[in-house]
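*Asks:* Quick one: the structure is below, and I'll ask about it shortly.
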Amino acid sequence: MDGLKRGSTAIVGAAESDLGQVADEMSPMDLCAQGISGALADCGLAMKDVDGLFCAMTQQRMSIISLIEYLGIQPKFIGSSMTGGSSFEFHVAQAAAAIEAGLCSVAVIAYGSTQRSVGRKQASQREVNPYETPFKPFLPTSAYALAASRHMHQYGTTRENLAEVAVAARKWAQLNPVAWEKKPLTVADVLKARMISHPFTVRDCCLVTDGGGAIVMTSAARAKSLKKPPAYVLGCGHGVTHMNISSMPDLTITGAKQSGEVAYKMAKLSAKDCDMVQLYDAFTINTILFLEDLGFCKKGEGGAFVSNGNIAPGGGLPVNTNGGGLSYCHPGMYGLFILIEGVRQLRGECGERQVKKHDVAMVHGNGGVLSAQASVILGGGATV
Amino acid sequence: MPNATTSPLATYISHLEKGELAYQFSPEANRAVFFPRVLCPFTGSDKLEWRISTGRSTVYATTVVYPAEGAPFNVALVDCDEGFRLMSRVEEIAPEQVTIGMRVKFRVHRPGGEEAPIPVFTPEAA
């Protein structure tokens, strides 16, 4: 089995819905629809062209059926893999497979959430685990905090290192017109904010916002005739290590190691070839762990790597150029937004925050509590 | 085959009710399995034996949860000497004094009412 073919498909359309705090009674499906409308307009395709549909949501138990009903279409191929925030990176690989196999020709991947409007408890159902729930971990935060404690113990990573991630994200957000949090933020501000689950203060944690969006994928051949430069899918990989944090084999090594290796192999690229990284920063430790596991620095050196502005605007490696889940938006399952940002950066559409060299983007999604990792390497026209 | 007469979780809890921390051992994998289940996650085999832990353990990871209301409390991942890990808490010391590498020992906590007993830990030196 050869697997997916490098560059055989592309993301051709990308759009967000309303973000932040949306209008009263706006539904997650309304936000999906806004995103789909925008993403189709972005590439010049119409609803009648859509014959593949993918989505995953926390607020709709059978979200793909709800979305089919809402849109009034009969797609030939549908998918609704639910791996939390990384669902959409999984969907990209599945859509690529479906397009390569001729099961559909234009696939839409969509998401919407009103978790800020309805409250986080209403937006996502908590599961009872008899081996964890009695100890009252504040999930998902405490799970990531446990991972941070271990990284700090093994590698001397500091709370200041973690705070540097939040500060860099905020600096990028200040360059993004639609980012939610733009107030200046310092390392000291992060450290003295309200403690949630040690070592995390509220500023180490992602935002709680509404929002949605969509991307459109098609074959590389068809992509060339559309409105905007294609973002070719060069590599895809995933790694699932556990569901609950007490079952994670090593809290300092995530499934991103495997997902990255698989994606790099397919793309015939390595970390040094990536001009930027768009990764799922649910908590500040994520950025450190994923940069290490994806090969941007050695294991244990992530704390130093993110410090001194190295991942902020003007630094050595642009990371989360939209401001990330920490400062731009975080509507529950954030993984779609890093794909949107990757596409826009490759096209050179990002205005003030535009990265100078923008041929290859590593997009890395995270789901659960460091549980389900999925990497997608996107490339511009020069890479295929 | 008749239906199983008990579940992995019920067996685990029945040991806790006796003051024991039980875990499974996979002879084919030659290693401990936790949480209790029907199939060994290392081999796929359904041959799993129940064993009783000595309860001697080391803190693997730790956090202090600061709830909106009430006092901060500890949540830890604990590695038992038999080679399995579980979520628990370390009691009898301030939550922020729980450190990685600290030696701890098991005791059963009985919340009472409808709630099942749970394994908690205290510093070995105490």
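Each value in this text was obtained by applying a stated rule to the coordinates, not by laboratory testing. All figures in this text were calculated on a predicted structure; none of them were measured in a lab. Reconstructed Cβ throughout: ideal geometry from the backbone, glycine too, with neighbour counts over all protein chains shown.
*Asks:* Anyone know which of A:318, A:184, A:331 comes out most mobile in the 10 Å Cα GNM of chain A?
*Replies:* Result: A:184 has the largest fluctuation of those listed.
*Asks:* If you don't mind, there's one more thing I want to ask. What share of all Cα pairs of the range A:47-182, in percent, falls into each consecutive 5 Å distance bin?
*Replies:* All Cα pairs considered, the percentages come to 2, 8, 12, 12, 14, 15, 14, 11, 7, 3, 1, 0.
*Asks:* What is the range A:1-95 by shape, rounded, prolate or oblate, if you read a ≥ b ≥ c off the alpha carbon gyration tensor as root eigenvalues and call it rounded for a/c under 1.5, prolate for a/b larger than b/c, and oblate otherwise?
*Replies:* prolate
*Asks:* What nm distance separates the two modelled labels at residue A:272 and residue B:79, each placed 7 Å from Cα along Cα→Cβ?
*Replies:* 3.4
*Asks:* What shape does the range A:144-223 have by the C-alpha gyration tensor, where a ≥ b ≥ c are the square roots of the eigenvalues, rounded means a/c under 1.5, and otherwise prolate means a/b greater than b/c and oblate the rest? Display every interim value, and only then the final one.
*Replies:* Numbers: a/c = 2.48, a/b = 1.69, b/c = 1.47.
It is prolate, given that a/c is not under 1.5 and a/b is the larger ratio.
*Asks:* Using only the Cα atoms, work out Rg/Rh for the range A:231-354, with Rh taken as the Kirkwood radius, to two decimals. Let's see the in-between values first.
*Replies:* On the way: Rg = 14.3 Å, Rh = 15.2 Å.
So for the range A:231-354, dividing Rg by the Kirkwood Rh gives 0.94.
*Asks:* Determine the dipole magnitude for the range A:1-127: charges of +1 sit on the beta-carbon of Lys and Arg, -1 on that of Asp and Glu, nothing else is charged, the reference point is the Cα centre, and the result goes in debye to the nearest 20. Provide the component values of the computation, followed by the final result.
*Replies:* Values: 9 positive and 13 negative charges, 65 e Å.
Roughly 320 debye for the range A:1-127.
*Asks:* Only four residue types carry charge here, +1 at the Cβ of Lys and Arg and -1 at the Cβ of Asp and Glu. Report the dipole size of chain A about the Cα centre in Debye, rounded to the nearest 20. Before the final figure, lay out the partial values.
*Replies:* Working: 34 positive and 32 negative charges, 89 e Å.
Around 420 debye, computed over chain A.
*Asks:* Round to the nearest 0.05 the FRET efficiency obtained for residue A:354 and residue A:126 when R0 = 30 Å and r is the Cβ-Cβ distance. List each step's numbers first, then the result.
*Replies:* Values: r = 40 Å, r/R0 = 1.32.
So, using R0 = 30 Å, E works out to roughly 0.15.
*Asks:* Tilt of helix A:87-100 relative to the longest C-alpha principal axis of chain A, in degrees (0 to 90, nearest 10)?
*Replies:* The answer is roughly 30 degrees.
*Asks:* Here's another thing I want to ask about it. So what's the Cα pair-distance distribution over the range A:118-264, bin width 10 Å, in %?
*Replies:* For the range A:118-264, the binned pair fractions read 9, 25, 34, 24, 8, 1 percent.
*Asks:* Let me check against my output: what whole-number percent is the relative contact order of chain A, with C-alpha pairs under 8 Å and at least 6 apart?
*Replies:* Details: 944 pairs, mean separation 101.2, N = 384.
Relative CO of chain A lands at 26 percent.
*Asks:* Enumerate the lysines that residue A:298 could reach by cross-link, defined here as Cα to Cα under 18 Å, with residues fewer than 8 away along the same chain left out.
*Replies:* Qualifying lysines at Cα under 18 Å: A:257, A:272.
*Asks:* Can you tell me the convex hull volume per residue for the range A:77-139, based on C-alpha atoms, in Å³ to the nearest whole number?
*Replies:* Values: hull volume 7.2 nm³, N = 63.
Spread over its residues, the Cα hull of the range A:77-139 gives 115 Å³ apiece.
*Asks:* Report, for chain A, the % of DSSP beta bridges that are antiparallel, rounded to 5.
*Replies:* Antiparallel: roughly 75 percent of the beta bridges in chain A.
*Asks:* Could you please rank B:54, B:43, A:58, placing first whichever residue has the fewest other Cβ atoms within 10 Å of its Cβ?
*Replies:* Neighbour counts put them in this order, fewest first: B:54, B:43, A:58.
*Asks:* Same structure again: Using the Cα gyration tensor of the range A:284-376, with a ≥ b ≥ c the square roots of its eigenvalues, what is the shape: rounded (a/c below 1.5), prolate (a/b larger than b/c) or oblate (neither)?
*Replies:* Numbers: a/c = 1.60, a/b = 1.12, b/c = 1.43.
Verdict is oblate for the range A:284-376.
*Asks:* Quick one: angle between helix A:335-347 and the longest Cα principal axis of chain A, in degrees between 0 and 90, rounded to 10, please.
*Replies:* It is inclined by approximately 70 degrees.
*Asks:* Moving on to the next point. Mind checking which of B:21, B:86, B:39 has the largest fluctuation in a GNM of chain B, springs on alpha carbons under 10 Å?
*Replies:* Checking each option, the largest mean-square fluctuation is seen for B:39.
*Asks:* Please give me, ordered by residue number, the trypsin sites (Lys or Arg not before Pro) of the range A:159-259 that lie in loop per DSSP and have at most 11 other Cβ atoms within 10 Å.
*Replies:* Details: sites: A:159, A:170, A:171, A:182, A:192, A:194, A:203, A:222, A:224, A:227, A:257; in loops: A:182, A:194, A:224, A:227.
Answer in residue order: A:194, A:227.
*Asks:* Here's another thing I want to ask about it. Divide by every residue of chain B the summed helix terms, -39500 (n - 2.57) for each DSSP H run of at least 4, and state the resulting mean residue ellipticity at 222 nm, rounded to the nearest 500 deg cm²/dmol. Walk me through the intermediate numbers first.
*Replies:* Working: 1 runs with 10 residues, N = 126.
Theoretical 222 nm ellipticity from helices: -2500 deg cm²/dmol.
*Asks:* Give me D for chain B in µm² s⁻¹, whole number, from Stokes-Einstein with Rh from the Kirkwood sum over alpha-carbon pairs, 37 °C and 0.692 mPa s. Spell out each step's value before the answer.
*Replies:* Numbers: Rh = 15.7 Å.
Reported coefficient: 210 µm²/s.
*Asks:* For every other residue with a beta carbon closer than 11 angstrom to the beta carbon of residue B:51, add +1 if it is Lys or Arg and -1 if Asp or Glu, then tell me the sum. Mind dumping the intermediate values first?
*Replies:* Values: positive: none; negative: B:20, B:49, B:82.
Once positives and negatives cancel, what remains is -3.
*Asks:* Name the residues of the range B:9-30 whose amide N is less than 18 Å from a point 7 angstrom out from the Cα of residue B:49 along the C-beta direction?
*Replies:* B:12, B:21-30, by backbone N distance to the label point.
*Asks:* In what sequence do A:241, B:58, A:287 fall when counting other Cβ within 10 Å, fewest first?
*Replies:* Values: A:241 19, B:58 16, A:287 30.
With the sparsest Cβ surroundings first, the list reads B:58, A:241, A:287.
*Asks:* Among B:53, B:14, A:37, flag the residue with its Cα farthest along the positive direction of the charge dipole of the protein assembly as shown, charges on Cβ as +1 for Lys/Arg and -1 for Asp/Glu.
*Replies:* So the residue furthest toward the plus end is A:37.
*Asks:* Output ³J(HN,Hα) for the range A:184-190: one whole-Hz value per residue in order, computed from phi by the Karplus curve 6.51 cos²θ - 1.76 cosθ + 1.60 with θ = phi - 60°, and x for Gly and Pro.
*Replies:* x, 9, 10, 4, 4, 4, 4
*Asks:* Take every DSSP beta bridge whose two residues both sit in chain B, then give the antiparallel share in percent to the nearest 5.
*Replies:* Numbers: 29 of 30 bridges.
Here the antiparallel bridges make up roughly 95 percent for chain B.
*Asks:* Another question, if that's okay. Pick from B:34, B:25, B:106 the residue whose mean-square fluctuation is largest in a GNM of chain B, springs joining Cα atoms under 10 Å.
*Replies:* Looking only at B:34, B:25, B:106, the biggest GNM fluctuation is shown by B:34.
*Asks:* Using helices alone, I'd like the mean residue ellipticity at 222 nm for chain A: each DSSP H run of four-plus residues gives -39500 (n - 2.57), total over residue count, nearest 500.
*Replies:* Numbers: 14 runs with 130 residues, N = 384.
Using -39500 (n - 2.57) per qualifying helix, the result is -9500 deg cm²/dmol.
*Asks:* On average over all directions, what projected area in square nanometres does the protein assembly as shown have, based on the convex hull of its Cα atoms? Don't skip to the end; give the middle numbers.
*Replies:* Details: hull surface 100.6 nm².
Computed as one quarter of the Cα hull surface, the answer is 25.1 nm².
*Asks:* If you don't mind, there's one more thing I want to ask. What angle, in degrees between 0 and 90 and rounded to the nearest 10, separates the Cα long axis of helix B:8-17 from the longest principal axis of the Cα atoms of chain B?
*Replies:* 50
*Asks:* With θ set to phi - 60° and the Karplus curve 6.51 cos²θ - 1.76 cosθ + 1.60, what are the ³J(HN,Hα) couplings of the range A:222-238 in order, to the nearest whole Hz, using x for Gly and Pro?
*Replies:* The phi angles translate into 6, 4, 4, 8, 8, 5, 10, x, x, 9, 6, 7, 8, x, 9, x, 9 Hz.
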